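The values are calculated or read from the model by the stated rules, or taken from the named source; none is laboratory data. Computed from a prediction, not measured in an experiment: that's the story for all the values here. Ideal geometry is used to build each Cβ from the backbone, glycine not excepted, and the neighbour counts take in all protein chains shown. SASA here: full protein model, heavy atoms, side chains in, ligands and nucleic acids out. Shrake-Rupley method; radii C 1.70, N 1.55, O 1.52, S 1.80 Å.
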Amino acid sequence: MKKIEYLIYTKEVEPSMVVQQFKRDNIKCILALDVRSAVYYATGISAQCGEIVAVCVDGSNASRSAFSGMTEAFYRQLPVILITLGNSLDYTMELKDVVLGHYLVKDAKEILNFANYKLPAHIELGEEIIIDTEVESLKLQEALMEAVSEKDYLYFSPRFQTKEKDFMCKCISGGMSRCKDGTLSNVLGASLAQKRRRYIGVVTEEEFLHDMNTLGNIHANKDLFFIVISQKFEKMIGDYARTLNYEVICEAEDNICGTSLKRLFENGKQTIFIMLKK
């Protein structure tokens, strides 16, 4: 009888019934930093070992990042099972061309039986995961109010909770809720128009890690300035940015002021400003 040998899961779903059940059943569980990579982990393992691999992700807009990996699984005929938690999307339409079956289940234990179904497949579990992803910093917003001018472009990621402020510049708050992809790319894209003095992006460290390949884009110019709110990965972020010749400044949240930020905005260099949040 076939059985699932591996589970790839993202950090958001770690507390879920699925991950906990698979761990109790001694299935090899591997953490992936982002949804897009998770399914490719699975296709790589499956192609190498010939094993059935499940992938568990939150069923929000972010799960669309898994679709390209499922397309590969379909055309390579790899036994991959995508498990999404929650009912945010209508997957009967979203994935119908790249899975051999779409199933709804109520209990994590039921999933173990799907190893004998035609694969790749998609399983939707109604369990909702409560994800507290928002960060805020009134201190940073006050400093930005002093530092930016009407010549600047200011972008806040969807995970940064802003208070009502009237910034004297073009200010954008965008992106998909509970999706970490594309925040740095958004700022890079805006900068290519070269309409503003500085293009400033405020992002979390998770969003930076999901989109950090943007820094190496050949079109990246000296107008880029990223403020990364960090609680854990500041060394990794700094080391990566320095290898791509970005100026890296690291400062504690309590020490940030508008005067120092304004001076940095005028330095004419591609810059990563890492704000260490308590």
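Checked against (1) open to solvent by less than 10 Å² (accessible area, probe 1.4 Å); (2) of a type in the set (S, T, N, Q); (3) not in a helix (DSSP H, G or I), S63 passes all but a single condition, namely (3). Cβ-Cβ distances below 6 Å connect the following pairs, each with a first residue in region 196-212 that is in contact (Cβ under 8 Å) with a residue 24 or more places away in the chain, a second residue that is in a helix (DSSP H, G or I) and among the polar types (S, T, N, Q), and a separation of six or more residues or different chains: Y199/S191; V203/T183; E207/T183; D211/T183; D211/S185.
Here is the figure for region 112-142: residues that are modelled with pLDDT of 90 or more and farther than 18 Å from I81 by Cβ total 4.
Taking the conditions (1) open to solvent by 20 Å² or more (accessible area, probe 1.4 Å); (2) within 25 Å of C171 (Cβ to Cβ) in turn, L215 satisfies each one other than (1). Taken over region 105-157, the criterion of being within 26 Å of the chain's Cα centre (by Cα), without any contact (Cβ under 8 Å) to a residue 40 or more places away in the chain and under 25 Å from K11 (Cβ atoms) is satisfied by I130, D132, E134, E136. I'd like the full set of residues that are among the charged types (D, E, K, R) and either outside any helix (DSSP H, G or I) or surrounded by 16 or more Cβ atoms within 10 Å (Cβ to Cβ) (or both), limited to region 12-60. Scanning region 12-60 gives E12, E14, D25, K28, D34, R36, E51, D58. Being surrounded by 13 or more Cβ atoms within 10 Å (Cβ to Cβ) and of a type in the set (S, T, Y) is a description that does not apply to T243. Checked against the criteria, M93 counts as open to solvent by 70 Å² or more (accessible area, probe 1.4 Å), of a type in the set (A, V, I, L, M), without any contact (Cβ under 8 Å) to a residue 40 or more places away in the chain and under 30 Å from V53 (Cα atoms).
Against the numbered list (1) open to solvent by 40 Å² or more (accessible area, probe 1.4 Å); (2) in contact (Cβ under 8 Å) with a residue 12 or more places away in the chain; (3) under 21 Å from G189 (Cβ atoms), F225 comes up short only at (1).
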